[in-house]
Every structure is written in C-alpha cells, then in structure tokens.
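The values are calculated or read from the model by the stated rules, or taken from the named source; none is laboratory data. Since the model is a prediction, treat every value here as computed from it, not as a measurement. Note: ideal-geometry Cβ built from the backbone for every residue, glycine included; neighbour counts use all protein chains shown. Ligands, DNA and RNA are stripped out before the accessible areas are found, and what is left, the full protein with its side chains, is counted by its heavy atoms. Shrake-Rupley method; radii C 1.70, N 1.55, O 1.52, S 1.80 Å.
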Amino acid sequence: MQMTVVGNGEFGSIVARACDATGALSSTIVSGPDECVDADLTIVAVEDITIGKLLELGRTLLATGRTALIITVEGDDVVAGPVVVPGVTACLECRLLRSFGDQPDATGALAKLAPFSTGSTADVSPAVLDEAAHVVADAMSGLTRVVPGRRPFTAAAVFSARRRDRATILPSGLCGSCPHAVDTDTPIARAALAELSEELAVEALGAELGYSPRPALHPDRYRSVGILGGGTAGYLAAMALRARIPELEVTLIESSKIPIISVGEATTPEMVKFLHAPPLLGFDIVDFHRRVRPTFKLGVQFVWGRERKGSFNYPFQYAPLIDAVVHDGDIDTQCLGSQLMCADRAPVVDGANAAMHSLLETVRFAYHLDNEPFVRFLSEEAASRGIKHIDTTVDSVVSTPDGEEIDYLVTEEGQHLKFDLYVDASGFRSVLMDGALGSPFTSFAGSLFTDSAIAANEAHDGVVKPYTRAETLESGWCWTIPFEDSDHIGYVYSSAFSTPDEALAEMKRSHPGMGEHRHVRFRSGRHEHFFKGNVVAIGNAYAFVEPLESTALHMVIRELEELTNHFPLKHDTMTKDRLNRSMNGLWDQLRWFLAIHYKFNRRLDTDFWKAVRADADISGAEERLGLFRERAPLSDRPSLFYSVIPPDFFSSDHAFDTILIGQRVDARLGSPRSSAEEWDRKVALRRKIVDRTIGQAEALPLLRDREPELLRRFVDSPHSWVHHWTAR
C-alpha cells in the first residue's frame, strides 16, 4: 500500500521507517500537503504546529478526498487516530470536539485553542515514540479488512510512559469540517464503513440501556408529587423521583413526633447499585460509609435444612452449583464469596508491606444498615437535592367524588395539601391505598405462617460476620445482622404456635446476651393495586412478606425502578394496569420462593414446622420444583421461565437451586463441568485467596479512613459489578 508521511521533525521519519519495515507499506516523506503524491493513505506526524494550522491541514485532506491518519504530541503523550476516511469516519475536528464533553459551546472552546501549539517529540520518551510508530505501522498495514479489537477507524490511541488507552471517536454533529469532505469509495473506505456500523450499533445499544425514564413534557404529565411518610421507603422514593424525573416537584410529608426506630436492616446488592451507580442515586461511597457506617453482607447463612446441625450459604456471587454439589456434597465451596463467608472474612486481601487489594469489584455484596443513621443520611441528602419537606401530621384524606383518586390531604393544623400524584409510604397503615382508596388485600398467610417478631441487640465477640444469619427456631427463625458495635437480632414466629412470652423465653435461651427488646406484628401479602388513580403505594403500604431473605428494601427499590422506568401520564390507563400486573407478579413470585424455605426445612419437628411442611401452599412453585427434581440444578441450563435475565433477583433459577439444594431436596443431578481434580484445584486456589484476606472488623475502618480509594475504585471501575448489575 502506498503511503505519504507529512512530517516536519524526527517523528515523521520514525513512523516512515516503522511502516517500511512491515513490508506491506511503502512511504514517501514530504513537508506539506501540497507535496502529497497520490497514495492510499496520508500520515500526518507533525510537531510544534498550532491547532489552527493543523485543522487547516485536516480540512485540506478532507476536501481532496485523502484518507489520513493524524498523529499529535500532547504533553508527553502521543495521540494517534482515528483514521480519517472522508465522508465516513470522524476527523481531527471531531476528535477535538469530543474532548470538550457536554460543554454547551464546544465549537467556541475549540476556536480558542487555535493559537496554541501541539507538543514536541523532544518531550516524549524515545521508547514511547518507537512503540507508537510500530503500533501505528502494524495497524495501517491491515486497513482494508476489519480486524477484531483494532478499531483504527473509530478509536484514538494514546501512548505514554504511564498508560495505553483508546477512546471511541465517532463523527460529531458539531463538526464544521466533515460537511466539506469529498466522499471516496475504496477498499479502505468500505472497511471503515463496516467498522463504523459495528460501533454505531454498540452506541445504539448503550443508548437503549441508558434511556431516560422521563415522560415527555406533555400537558397531561404529573407536575407535583406528595409523599406521605418518611422513613426509608419515603426518602428513597423522594430521591428516586427527584433523580430520574427532575421535572417533578417532590414534597415529603412526615411528622417529627414519630421517632425513627433504630433497627438493623439487611439488604441485597440492589441497594448498593441503587445508592451508588451514577445513573441512579449516585451517592459518594466513601461519604456514605463514613456517615452511615454500613457493614458488608456477602450473602445469607442458613442454619436450616435436613440435619439438626450444619448450615448452608446463599452468596450473592453467582457460580455454577453442579461441581460443588457433585464433588463436595454441598454448595459452600461454589465461589469465592461463599468461601469468604465460611471464614468470616471481608473481600480485601492483605498484600503485605502495608498494601491492600480490593475484591469488591468482583465479589457481589449488599449492606447491613442501621435504620436511624441511614434515614438521617437520606433526609440530609434530600434537602440538598431540592426535595421539599413538611413536618406535620395528616389528620384526614379527602377523595374525589367518585372515590377513585385523592383530592387533597388535611393536616392537623387544618392546612390542605394538594398534589397531582401521591406516594403512599405510610407503612402498614397504608393510609392512602388501603384507607382512602380501599384497594383489596391478598393475604399470603396460606404460604407464610409467621406474623410476629421480637427485635433486640446482642454483643458479639469482636468478629463482624460478613453475612446475615437465619437460624431455625421452634416456631419460626431468628435473624442476626452484624454491625461493628453489636449484632441486631430478631425472632420471627407464628402467634398461632407461640405466645409472645413463650417466644421471648425461647429467644433468650438461644441468645442469652440479648438486651432490651420490642415486639412487632405484621401481615404477609399485597394489595391489589400498586398504582390506583393518582396514588402509588411503596414499601409496606403496598405489600410485605416476612423478613426472610431481606426482601423489604429490595422490593422498595424494585418498585421505584419499575415506577420511574415507566412513569405514566395522568390519564394513561394501560401503563398503570401493566405496572400493577408486573409488580403483583414479582410479589407473588417472592411468595412462592419464600414458601419453599419452609416447606422443605426438616431441621426441627415442632408443631410449627410439622404444620408448614404439611400445609404451606407452594402451588406457584410446583412446576419449577418438578423440573428441579427431574434434573438439577435448574441454572445449569437455559431457563424455561425467562429468556436471558430473570425478572428479579429472587425469581432466578439459581435462587431456587440454592434453597432447594441447600435443604437437600431430592433430585436427579446433572453431570459436573469439571473433573474432581480440576474442582479441588479451584477450591484450593480460592481458599488460598481467603487465607490472605482480612476480617470485616479490620476492613471497614481501613476502607473508610485509611484507603478510601479502594471504595471509590469499586464504583469508578468500568469492570465493577455495580455497573453490570444495573442493566436488567
């Protein structure tokens, strides 16, 4: 391939020699575009030239239909590309405009750069110059075909002593040079079109995944929303609506007379994503850890199943289960997250010599949150994000004459509060959805027998366990949620099989160090409507299942994601109907998932456990259970229940597999993927990693105070699960 190199210094000669050395390229060196001979490619490798003159040179090449590669020196970096095919790919001006990001006047900013000069190769390491020249030569020798991974037509390459980067550069709509280009039809141009088509498809996919849920500025849109109830659900609702639909005027109504109850809440990885992923709430993770002081939750440890002793792990880090089941007889060796749980370790490796290495990007985790500092954090952030706050008690609710919508709220001072849309976050009272609009309630009591809980705190021995613990007791089960200062514990039981005094006595026998306690009553089930009239019910005001699997805040987030992803106009009926069916379906699926925890737990033979094994309704899970018995694990092959991604974390085949295999439900197993020797080697390697990790009591203050960059890297890294988890 014939090539012309336009150069005014040593770098042009270096590039020309590297190209000639490929044997596929033949170069001629000239000092300016006027001397260019007819060639397949023009490489511009000039230095100490003003941006204005360089842009003029680029426009000349475009206007004459010459395919060109422009290489510049910027500081001690060398920047090459993309290859400019007139009328097809991005030009130099497009590349420079991209560097201004979303600035409103990028073209004006570029004009101000015109008098400034590019750098000199004297400022660049000879090794960097040589590497850049040889990489460029190698790439240019194959321009007539698309080579996976190269992307010469759609990316700029950056060479320096510190890094090797590539940035995608596509034609800019602001560019003033490209419209004057002379189109060409050559083998190189056709290769460029093929590569560009792939990149445009990727760009379109990114736009689809990152679409805005905001409704069009339609006359029928909701303009104001009033949220009745503070607490976690109310504040998360306010934050989500404000972040994702900023045109809405958001007001939160709560009473300071109602104290915040300090109780430990366990979450799922959805909470970490929701709080920190930039497309969602985007809270600074270091600031959050310092103000809220969460602990890491790698999964749930179930003291559950067939034997009176023993347990099994439900880690958040997915892994194939078949090898662990076949080769080890249980699932606790399935992945690094589970092995960390077994050792009570955090995902932080002690690298010796004071170096620490984070595994947070790859080992999925959730948070244990103390409700009081968490709600305080949310309330402070809400004020800073423009959410209005009214401290009052709502005495009554006035409905429209037809009873289908809320007209206004009446406060204890007699004030009328009127909004376009109302969010009911009033908890189990369900003041708006149940009290005012009368949405029917569907009970899950036929599947989930528990209806009461006792909550308390208990001192621990200094080990902050990286998981929530669920322990089988006589009339239910006990949770343990670890914090740095103590464990938060609770006994979830059925009042039909145990009185409050009997339950408390059993809890004290199991946890003799427990402190002051409080009793809670609840009901499992959901209302018929998630969205009715001009009311959306969030959290316990809409639905609740007993605390097993830490689903309360998980489902609040799912409700808010569904609402903001498909935010309707006032008179949309089909959208609201579909939202109701979608959310009701997720809650019903959760019912069946939790029910199988009870149906197959043979750890105790008390009256309660005999009753749930005999009578708990799992009809919605029978088909999946039958398939599991036929050939387990379900997740070892494509699902029959969803195409690629399950509709929810608890709807996945993997979730059902974990609970059924963990309880040793009889099934015919498939074949392992690895030999016993290969599997033992993987388990041993993970165990070696675990042996070099540190405990959570040491990891938490280290991450908060001494090495916060490890936390920030978790959010900033493009490879972190917090970003991939975001796309459903």
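Using the per-residue mean of other Cβ atoms lying within 10 Å as a proxy for protection, in what order, highest first, do the peptides 384-393, 589-598, 73-82 fall?
With the highest mean Cβ count within 10 Å placed first, the list reads 589-598, 73-82, 384-393.
Which peptide among 279-286, 57-64, 544-551 comes first, and what is the full order, when sorted by highest mean count of other Cβ atoms within 10 Å?
Listed from highest to lowest mean packing, they are 544-551, 57-64, 279-286.
Relative contact order of segment 613-728, please, whole-number percent, based on alpha carbon pairs below 8 angstrom and at least 6 residues apart.
Once normalised by length, the contact order is 22 percent.
In 5 Å bins starting at zero, report the fraction of Cα pairs in segment 419-559 per bin as a rounded %.
2, 10, 17, 18, 16, 13, 11, 7, 4, 1, 0
Classify segment 380-465 as rounded, prolate or oblate, taking a ≥ b ≥ c as the square roots of the eigenvalues of its Cα gyration tensor: rounded when a/c is under 1.5, otherwise prolate if a/b is larger than b/c and oblate if not.
Here segment 380-465 falls in the oblate category.
D for segment 675-715, whole µm²/s, Stokes-Einstein with Kirkwood Rh over alpha-carbon pairs at 37 °C and 0.692 mPa s: what number?
Estimated diffusion coefficient is 268 µm²/s.
From the residues Ala132, Thr184, Ala114, which one has its Cα farthest along the dipole of segment 95-188 in the positive direction, the dipole being from +1 and -1 charges on Cβ of Lys/Arg and Asp/Glu about the Cα centre?
Working it through, the farthest residue towards the positive pole turns out to be Ala132.
From the P(r) of the chain, could you give the percentage of C-alpha pairs in the tail past 47 Å? Write out the running numbers ahead of the final one.
Values: 90745 of 264628 pairs.
Beyond 47 Å sits 34 percent of the P(r) for the chain.
Tell me whether segment 65-171 comes out rounded, prolate or oblate; compute the Cα gyration tensor, take square roots of the eigenvalues as a ≥ b ≥ c, and use a/c under 1.5 as the rounded threshold.
Working: a/c = 1.84, a/b = 1.12, b/c = 1.64.
It comes out oblate by the Cα gyration axes.
Which whole-number percentage describes the relative contact order of the chain, with Cα contacts under 8 Å and a sequence gap of 6 or more?
Taking the mean separation of contacting Cα pairs over the length of the chain, I get 13 percent.
Return the Cα extents of segment 12-98 along principal axes one, two and three, sorted largest first, each rounded to a whole Å.
Principal-axis extents of the Cα atoms in segment 12-98, largest first: 35, 31, 22 Å.
What ranking, highest mean first, results for peptides 712-722, 680-690, 268-278 when packing means the other Cβ atoms within 10 Å averaged over each residue? The partial results should precede the final answer.
Details: 712-722: 16.3, 680-690: 14.5, 268-278: 21.7.
Peptide ranking by packing, descending: 268-278, 712-722, 680-690.
If one computes the Cα centroid of segment 105-133 and of segment 648-721, what distance in Å separates the two points?
45 Å
Nearest 10 degrees is fine. How inclined is helix 676-691 to the longest principal axis of the chain, computing both from alpha carbons?
90 degrees
Ignoring ligands and nucleic acids, what accessible area does Arg98 show with a 1.4 Å probe (Å², nearest 10)?
120 Å²
Return the Rg/Rh ratio of segment 601-659 with Cα-based radii and a Kirkwood Rh.
Rg/Rh: 1.05.
Separation of segment 50-91 and segment 494-535 by C-alpha centroid, Å?
A separation of 69 Å, based on Cα centres.
Using Cα pairs closer than 8 Å and at least 6 residues apart in sequence, work out the relative contact order for segment 468-624, in percent.
20 percent
Compute the Cα gyration tensor for segment 301-350, then decide on rounded, prolate or oblate, letting a ≥ b ≥ c be the square roots of its eigenvalues: rounded whenever a/c is under 1.5, prolate when a/b is larger than b/c in the other cases, and oblate in all that remain. Let's see the in-between values first.
Working: a/c = 2.25, a/b = 1.33, b/c = 1.69.
Here segment 301-350 falls in the oblate category.
Please report, in whole Å³, the volume per residue of the convex hull around the C-alpha atoms of segment 216-280.
101 Å³
For the chain, take the longest principal axis of its alpha carbons; what is the angle in degrees between that and the long axis of helix 10-21, to the nearest 10 within 0 to 90?
Around 80 degrees separate the two axes.
How large, in percent, is the carbon and sulfur part of the accessible surface of the chain at a probe radius of 1.4 Å? Spell out each step's value before the answer.
Details: 15430 of 30280 Å².
The C+S portion of the solvent-accessible surface of the chain is 51 percent.
Over segment 261-324, with a single point scatterer placed on each C-alpha, what log10 of the ratio I(q)/I(0) does the Debye formula yield at q = 0.14, 0.15, 0.29 1/Å?
-0.62, -0.68, -1.29
Placing +1 at every Lys and Arg Cβ and -1 at every Asp and Glu Cβ, with all other atoms neutral, what dipole size does the chain have around its Cα centre, in debye to the nearest 20?
The calculation lands at about 1040 debye.
Considering only Cα-Cα distances, which of the following residue pairs are longer than 25 Å: Lys257/Lys576; Lys53/Lys112; Lys297/Lys576; Lys388/Lys418; Lys508/Lys610; Lys273/Lys297?
Correct reply: Lys257/Lys576; Lys297/Lys576.
Normalised radius of gyration for segment 250-394, please: alpha carbon Rg relative to 2.2 N^0.38 Å, two decimal places. Intermediate values should be presented prior to the final figure.
On the way: Rg = 19.4 Å, N = 145, 2.2 N^0.38 = 14.6 Å.
Normalised Cα radius of gyration, segment 250-394: 1.33.
Probe of 1.4 angstrom, ligands and nucleic acids ignored: what's the accessible area per residue over the chain, in square angstrom?
42 Å²
Determine the distance separating the Cα centre of segment 232-272 from the Cα centre of segment 134-160; give it in Å without decimals.
49 Å
Quick one, can you get me the convex hull of the C-alpha atoms of segment 635-728 expressed as volume per residue in Å³?
Convex hull volume per residue, Cα atoms: 175 Å³.
Treating the angle as unsigned and between 0 and 90°, give the value, to the nearest 10°, between the Cα long axis of helix 371-384 and the longest Cα principal axis of the chain.
It is inclined by approximately 50 degrees.
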